[in-house]
Amino acid sequence: MKVDCTYLSTEMGCWVILCLSVLYFSLSSDADYGDYQVPIPTTLDGPFKPVTVPLDQTFRGNAVDLPHTDPLLQTTAQGFQPQQISLSLSASHHSVSISWITGEFQIGDNIEPLDPNSVASVVRYGRFRRSMSHRATGYSLVYSQLYPFEGLQNYTSGIIHHVRLTGLRPNTLYQYECGDPSLSAMSDVHYFRTMPVSGPKSYPNRIAVVGDLGLSYNTTSTVDHITSNHPDLILLVGDVSYANLYLTNGTGADCYSCAFPNTPIHETYQPRWDFWGRYMQPLISSVPIMIIEGNHDIEPQAENQTFVAYSSRFAFPSEESGSSSTLYYSFNAGGIHFMMLGSSTSYDKSGDQYKWLERDLASVDREVTPWLVATWHAPWYSTYKAHYREAECMRVEMEDLLYKYGVDIVFNGHVHAYERSNRVYNYTLDPCGPVYITVGDGGNREKTAITHADEPGQCPEPSTTPDDFMGGFCAFNFTSGPAAGNFCWDRQPDYSALRESSFGHGILEVKNETHALWIWHRNQDFYGSAGDEIYIVRQPQNCPPSAT
């Protein structure tokens, strides 16, 4: 292992060591454990016999939300000093976006939005250990969450700033500060490293993948584990703050519909977004985070507006990737092309998202970005009872397109457990199908999913799986295979390689054009332990994507 230790100044003025570790090893498919080596399996060894890891009854985690009084949710910013600073990527390596908030939110009956033009959006930046002589300006906005019902409290945000930096060098360490210099309201200095240039031999070292994060005590464990793995990039596959498990008065519940069945609209407590941004700042002000929406981020309000907090608080490379929506977009990270798709918006073949996806896939040069990775929130291949086959309409519409272009890996959330599939297409084992990985186990207060749909008496009624975006049902009894004539299998399906109920996150390390190491980490394990570990191997010679 080669370690490059660079000394950096922290916000507190102390000196710490930021270790940027680069792991060099041959693809021997072995992990070193003391005096012996344990082979790491590869997808070429599959398809694997389905495995269900028994539920650890001694550990269910602490799926209780952090209270608003927790010091980790408070801000030390005063006046118009920046808070909730975050970093996101553009469509390619030479551009990133810095986002932050100034001023405080308001909640109540009589709220007056702040003037977004009253504070400038400025980022000063430069390469590490050089002067921050570059300056970029951006734009600012304020959003509101409004309810046309008596007794519900309305919300208006602080001033949200987005600044895009361009002309950056690949794989280079930068330093920056953000704010309004005319008000003496600048942040402390933060640091980030740009993505490597796109190419078949150029990849980020580690990409953390997590879903359904929330802001519970389990979330803190997950984030601690992610931080310890020193990722270069974070993918959050939907369901961010879980503000919609709260009424506007701040009263929360593990199950909204159970606790508040008679509310005139699905309320949210928007300050939970601010708490989430404050808690996450130490990590995501230096490590870019790319987010796609989940069902808990819909948040309907007056005039049928949805996804307002999600779309306002983060910067998305939608325009750069040819998308007209924050709900789906794409970007490159080295030799990986990521497609962030929306399962909570229309995806039918005649719609904008599908047409955009067709164009995006057709434009990918696999000689430059050999790896195709897709993410969206609601999984197609989950065997848990919770949300079983709810996304079947999306699968029916889009699966052929992803298969045609040879998507390698799919990451999903929504189901609060871990599951990895064998390579699969149309519910059938297929050596050219993607590997589907569900990581909806970030730690939110709704707790883990435990029951499987193939357990006796646990198969849900088909009528419980309607599709809100297609206006009907797509999940019917299987017509062929071992489950023919039934809605569920009577055993763990062949396409399910491994499933386990636990909170955690995953790390993807792409090694070259054909091999990527996937490691899933459970929260209850030591930081270096792996709950699942496998090399995902591409075979472009056997599974060539369709010609464009």
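The values are calculated or read from the model by the stated rules, or taken from the named source; none is laboratory data. Here the structure is a predicted model, which is why all the values come from computation and not from measurement. Methodologically, a virtual Cβ is constructed for each residue, glycine included, from the backbone with ideal geometry; neighbour enumeration extends over all protein chains shown. Note: accessible area is taken over every heavy atom of the protein model, side chains too, but ligands, DNA and RNA are not part of it. Shrake-Rupley method; radii C 1.70, N 1.55, O 1.52, S 1.80 Å.
Data overview
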{"item": "Any hit, the range 344-362, residues being closer than 27 Å to ILE519 by Cα, part of a loop (DSSP other than H, G, I, E, B) and among the small types (Gly, Ala, Ser)", "result": "no"}
{"item": "Residue within the range 344-351 that is within 30 Å of VAL189 (Cβ to Cβ) and either in contact (Cβ under 8 Å) with a residue 24 or more places away in the chain or not acidic (Asp, Glu) (or both) present", "result": "no"}
{"item": "Pairs where the first residue, in the range 166-187, is more than 14 Å from SER133 (Cα to Cα) and the second is at pLDDT below 95 and of a type in the set (A, V, I, L, M), C-beta under 6 Å, 6+ apart", "result": "GLY179/ALA185"}
{"item": "The range 201-220 - residue that is of a type in the set (Ser, Thr, Tyr) and over 28 Å from VAL510 (Cβ atoms) and, of those, surrounded by the most Cβ atoms within 10 Å (Cβ to Cβ)", "result": "SER216"}
{"item": "Among (1) farther than 15 Å from PHE411 by Cα; (2) in contact with a strand residue (DSSP E or B) (Cβ under 8 Å, 6 or more places away or on another chain) - the single one TRP518 does not satisfy", "result": "(1)"}
{"item": "Residue within the range 316-324 that is on the phi < 0 side of the Ramachandran plot, in contact (Cβ under 8 Å) with a residue 40 or more places away in the chain and within 14 Å of the chain's Cα centre (by Cα) present", "result": "yes"}
{"item": "Test: TYR242 is closer than 30 Å to PRO148 by Cα and touching an Asp or Glu at 6+ places or on another chain (Cβ under 8 Å)", "result": "yes"}
{"item": "Matching residues in the range 392-401 - criterion: being crowded, with 22+ Cβ neighbours inside 10 Å and under 26 Å from LYS49 (Cβ atoms)", "result": "none"}
{"item": "Options TYR425, TYR388: the member that is of a type in the set (Phe, Trp, Tyr) and touching a helix residue (DSSP H, G or I) at 6+ places or on another chain (Cβ under 7 Å)", "result": "TYR425"}
{"item": "Selection count where residues are open to solvent by less than 20 Å² (accessible area, probe 1.4 Å), under 28 Å from ASN62 (Cα atoms) and charged (D, E, K, R), scope the range 494-544", "result": "3"}
{"item": "The range 416-470 - residue that is of a type in the set (A, V, I, L, M, F, W, C) and within 22 Å of MET339 (Cα to Cα) and, of those, surrounded by the fewest Cβ atoms within 10 Å (Cβ to Cβ)", "result": "CYS432"}
{"item": "Number of positions in the range 174-189 that are touching a Gly at 6+ places or on another chain (Cβ under 6 Å) and among the aromatic types (Phe, Trp, Tyr)", "result": "0"}
{"item": "For PHE503: the one exception among (1) of a type outside the set (Ser, Thr, Tyr); (2) in contact (Cβ under 8 Å) with a residue 24 or more places away in the chain; (3) within 28 Å of GLY335 (Cα to Cα)", "result": "(3)"}
{"item": "Count of residues meeting criterion [among the β-branched types (Val, Ile, Thr) and either over 18 Å from LEU498 (Cβ atoms) or open to solvent by 10 Å² or more (accessible area, probe 1.4 Å) (or both)] in the range 406-415", "result": "1"}
{"item": "Pairs, first without any contact (Cβ under 8 Å) to a residue 12 or more places away in the chain in the range 126-147, second part of a strand (DSSP E or B), C-beta under 6 Å, six or more apart", "result": "SER133/GLY126"}
{"item": "Options VAL415, VAL368, VAL396; residue that is in a loop (DSSP other than H, G, I, E, B) and touching a residue at least 40 places away in the same chain (Cβ under 8 Å)", "result": "VAL368"}
{"item": "Positions within the range 43-58 being buried (at least 16 other Cβ atoms within 10 Å of the Cβ) and not in a loop (DSSP other than H, G, I, E, B), in sequence order", "result": "THR43, THR52"}
{"item": "Qualifying residue in the range 474-496 (condition: assigned to a loop (DSSP other than H, G, I, E, B), among the aromatic types (Phe, Trp, Tyr), farther than 18 Å from ASN426 by Cα and under 24 Å from the mean Cα position of the chain (by Cα))", "result": "no"}
{"item": "Long-range neighbours under 9 Å by Cβ, at least six apart or interchain, first residue in contact (Cβ under 8 Å) with a residue 24 or more places away in the chain within the range 88-111, second among the β-branched types (Val, Ile, Thr) and open to solvent by 50 Å² or more (accessible area, probe 1.4 Å)", "result": "SER90/THR166; SER92/VAL197; HIS93/VAL197; HIS94/THR166; HIS94/VAL197; SER95/THR166; VAL96/THR166"}
{"item": "Matching option when the condition is in contact with a Gly (Cβ under 6 Å, 6 or more places away or on another chain) and under 30 Å from SER216 (Cβ atoms), among PRO82, PRO71", "result": "PRO82"}
{"item": "Matching entry among ASP352, ASP365, ASP348 (being open to solvent by 10 Å² or more (accessible area, probe 1.4 Å) and in contact with a helix residue (DSSP H, G or I) (Cβ under 6 Å, 6 or more places away or on another chain))", "result": "ASP348"}
{"item": "Any hit, the range 347-359, residues being acidic (Asp, Glu), touching a strand residue (DSSP E or B) at 6+ places or on another chain (Cβ under 7 Å) and modelled with pLDDT of 95 or more", "result": "no"}
{"item": "Any hit, the range 178-200, residues being open to solvent by 50 Å² or more (accessible area, probe 1.4 Å) and either within 26 Å of the chain's Cα centre (by Cα) or closer than 30 Å to LYS447 by Cα (or both)", "result": "yes"}
